[in-house]
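**Student:** Quick one: the structure is below, questions incoming.
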Amino acid sequence: MPLRKAQAPNPNFIQCKGCKKTLFVADFEANLRVCPNCDHHHRLTWQQRVEVTFDINSFTELDADLYSGDPLQFPEYEEKYLQAQTKSGMKDSLVTGTGTIDGQLISAAIADFHFMGGSMGSVNGEKVARALERGVELQCPVVIFCASGGARMQEGLLSLMQMAKTTAAVDKCRQNGIPYIAVFTDPTMAGVLASYASIADVILAEPKALIGFAGARVSAQAQVLKIPDDFQTAEFVLRSGMLDRIVHRKEMKATLGNLCSILGHRLTAGAKS
């Protein structure tokens, strides 16, 4: 008996990765890619993040010409890097630029997990540092959307050096009174969590985002007691005191707008005095 041909997916429907229910694509997109049944926040591309966060047509991408030169000649890295560029349309795993939220100028960095798991290599770290330094230059708040599996192993110690580099850039903001807000999205892990992500002035997270240093299986091996069912989720991290607030995607723009308005007011007041 001949095998039946697999049917092409219906472009009008999508399956939720949380509850596995079938959703109308139109309703799913209108709900900001959040499942209306289980409230699972699906991952966004950087373009989608800009669309749901910044004022219309206000975001301008900067540093778009940066890309990795395969500094260690790691086997197959160049091929994988080019494949990721072709598939995503990005040069690397993070986009930087400026835009406005409710009219307030913001220096922003947006990580995209679709590019090599949002891994932090030398280009990613350089862009994060530039976004933070741009906040000092423009005297405006900095907002960074984090989404990463950690440091990029193909760049070895050069990727790990970005932890110190980005941390120093955060300190430069702090010395100059520039407010810095980090938003943890799914997932925010390893070297990113252990550097610039965790030392923001205000730390927000989307519901149920995976947040941690080591992977779940490695962490489980290190535990003497049974870990909670929601271990390494935003909810667990909030209870542990590492987050300031969990914010639903529908409320993220308004929350960031309020925070940037309040914190940015100090910069405006300082410039006038």
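Derivation of every value follows stated rules applied to the coordinates shown; laboratory data play no part. Because the structure is a prediction, the values reported are computed rather than measured. In this analysis, Cβ positions are derived from the backbone assuming ideal geometry, glycine residues included, and neighbour counts consider all displayed protein chains.
**Student:** Once you've got the Cα coordinates, tell me which of Lys91/Lys208; Lys80/Lys253; Lys87/Lys253 are over 32 Å apart. Numbers along the way, then the final one.
**Tutor:** Numbers: Lys91/Lys208 29 Å; Lys80/Lys253 34 Å; Lys87/Lys253 28 Å.
Among Lys91/Lys208; Lys80/Lys253; Lys87/Lys253, the Cα-Cα distance tops 32 Å for Lys80/Lys253.
**Student:** Follow-up question, since we're still on this one. Among all helices in the chain defined by DSSP H, which have a length of 27 Å or more along the axis from Cα atoms plus a Kyte-Doolittle mean of at least -0.5?
**Tutor:** Details: long enough: 156-175 (30 Å, 0.10); 249-272 (34 Å, -0.20).
Span-like helices, by this rule, are 156-175, 249-272.
**Student:** What ranking do 235-245, 158-168, 17-27 get when scored by the average of other Cβ atoms within 10 Å per residue, highest first? Mind dumping the intermediate values first?
**Tutor:** Details: 235-245: 15.3, 158-168: 18.3, 17-27: 12.9.
Per-residue mean Cβ counts within 10 Å order the peptides as 158-168, 235-245, 17-27.
**Student:** Considering the options Gly156, Phe231, Trp46, tell which one lies farthest towards the positive end of the dipole of the chain, charges being +1 on Lys and Arg and -1 on Asp and Glu at the Cβ, about the Cα centre.
**Tutor:** Phe231
**Student:** Name the long-range amide H neighbours of Gly89: under 5 Å, sequence gap of 5 or more, or other chain; modelled H, no Pro or chain starts.
**Tutor:** none
**Student:** Springs between alpha-carbon pairs under 10 angstrom, Gaussian network model over the chain: which of Leu72, Leu132, Leu193 fluctuates most?
**Tutor:** Leu72
**Student:** Then there's this: Over the chain, what is the relative contact order in whole percent, taking alpha-carbon pairs under 8 Å and six or more residues apart?
**Tutor:** On the way: 487 pairs, mean separation 38.9, N = 273.
Relative contact order for the chain comes out at 14 percent.
**Student:** Continuing with this model, one more query. Kindly state, to the nearest 0.05, the FRET efficiency for Phe213 paired with Ser261, given R0 = 30 Å and r defined as their beta-carbon distance.
**Tutor:** Details: r = 33 Å, r/R0 = 1.10.
FRET efficiency, Phe213 to Ser261: 0.35.
**Student:** Among all cysteines in the chain, which have no other cysteine Cβ under 4.7 Å from their own Cβ?
**Tutor:** Cys140, Cys146, Cys173, Cys260
**Student:** Per-residue HN-Hα couplings for segment 89-105, Karplus 6.51 cos²θ - 1.76 cosθ + 1.60 at θ = phi - 60°, whole Hz, x for Gly and Pro?
**Tutor:** x, 9, 7, 7, 7, 8, 10, 10, x, 10, x, 10, 10, 6, x, 8, 5
**Student:** Here is a further query. Using the crude model of +1 on Lys and Arg Cβ and -1 on Asp and Glu Cβ, and no other charge, please compute the dipole size for the chain relative to its Cα centre, in debye to 20. Could the numbers behind the result be given before it?
**Tutor:** On the way: 28 positive and 28 negative charges, 130 e Å.
Magnitude of the dipole: close to 620 debye.
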